[in-house]
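Each remark here refers to the structure printed beneath this line.
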Amino acid sequence: MAGSLHWRELTKIRNIGITIVVPRKTMASPSAPRVSAGFLSRIGSRHTSSVLRRAPIRATFSTTAQQCKRKTKDNNKKRGVSSLYGSGPREHLSMSDVPLPKPREFKPKIPVDDSHGLWGFFPEPGKTIWTPKETEEHGRAWTVEELRKKSWEDLHSLWWVCCKERNMLATSKAELKRGKLGFGERELEARDEEVMRTMRAVKHALTERYYTWQDAVDVAMSDPEIDMQAEDGQVYKPGAYEEDLDDAQESRTEASTETVVEAETVKPDKELSR
């Protein structure tokens, strides 16, 4: 037939990259449909235009620069660069001879009161922590025998000096842990132990004084000449024998003065008789 092809006569039709495979059973059947030649030509023209549109355009030369071939085998750009040892790359680069910029030495000046109370938590104003050698420079603890001779005001002042020292040592320990410095803990513990011994000695001396005061109060309560509840504030009220002793002492002093006066009057009479 004109303008069409029969399936019997068609085994493979190749038209610009299109292949139509027809099974033999279909080709042998007398009632098989026929494909027109115009339909096949339209399919071929569409496929050809789409292939031409998708085809990449290649230039006759390459505009991409070749990668720099390094001497290292693993192509690691940071091979040989160490921030620990300050070593640079092994190869000479374009910026190797250019000096690196240095950071600016800038420290903001903030006005701070050196006599502020918070500096008591630090060793010195402007210094956060002591060195181990500076921490070891301390004396021994106070003993109980030495503190027994101190007044209440001295013991009170020494107690708060020890509290202030312990606060400073606690701040130093926290700073060591925060910075992970790894040194100074043994020196801080030794200094803190000496401070704690002094504080225990202060408490011991004050406890002894308290017990002594309690014993004195018990003795005074049993003494008839002491009135602990006197309204006029005169606690000690001596008895009659105390007044007799005072009178006897006054008479003795008067007698001694009279004998001295008589002796002085007798001396010039003897000198005149001579």
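The values are calculated or read from the model by the stated rules, or taken from the named source; none is laboratory data. Here the structure is a predicted model, which means the values were calculated and not measured. A quick note on method: Cβ atoms are made from the backbone with ideal geometry, for glycine too, and the neighbour counts reach across all protein chains shown. To get the accessible areas, we keep the full protein, side chains included, count just its heavy atoms, and leave off ligands, DNA and RNA. Shrake-Rupley method; radii C 1.70, N 1.55, O 1.52, S 1.80 Å.
For the stretch 143-229, a simple Cβ point-charge model (Lys and Arg +1, Asp and Glu -1, everything else neutral) yields a dipole of about 880 debye relative to the Cα centre. The length gained by stretching the chain between residue 236 and residue 206 to full extension, at 0.36 nm per residue less their Cα-Cα distance, is 8.2 nm. Let me have the relative contact order for the stretch 90-248, percent, based on Cα pairs under 8 Å that are six or more residues apart. Reported relative contact order: 22 percent. For the stretch 183-211 versus the stretch 111-174, the inter-centroid distance based on Cα atoms is 12 Å.
Computed from the Cβ-Cβ distance with R0 of 30 Å, the FRET efficiency linking residue 249 to residue 149 stands at 0.30.
Model label points for residue 82 and residue 256, set 7 angstrom from Cα along the Cα-to-Cβ axis, are 9.7 nm apart.
A simple spin-label model places the labels of residue 92 and residue 167 6.4 nm from each other, with each point 7 Å out along Cα-to-Cβ. Within the full protein context, the accessible area of residue 142 is estimated at about 100 Å² for a probe radius of 1.4 Å.
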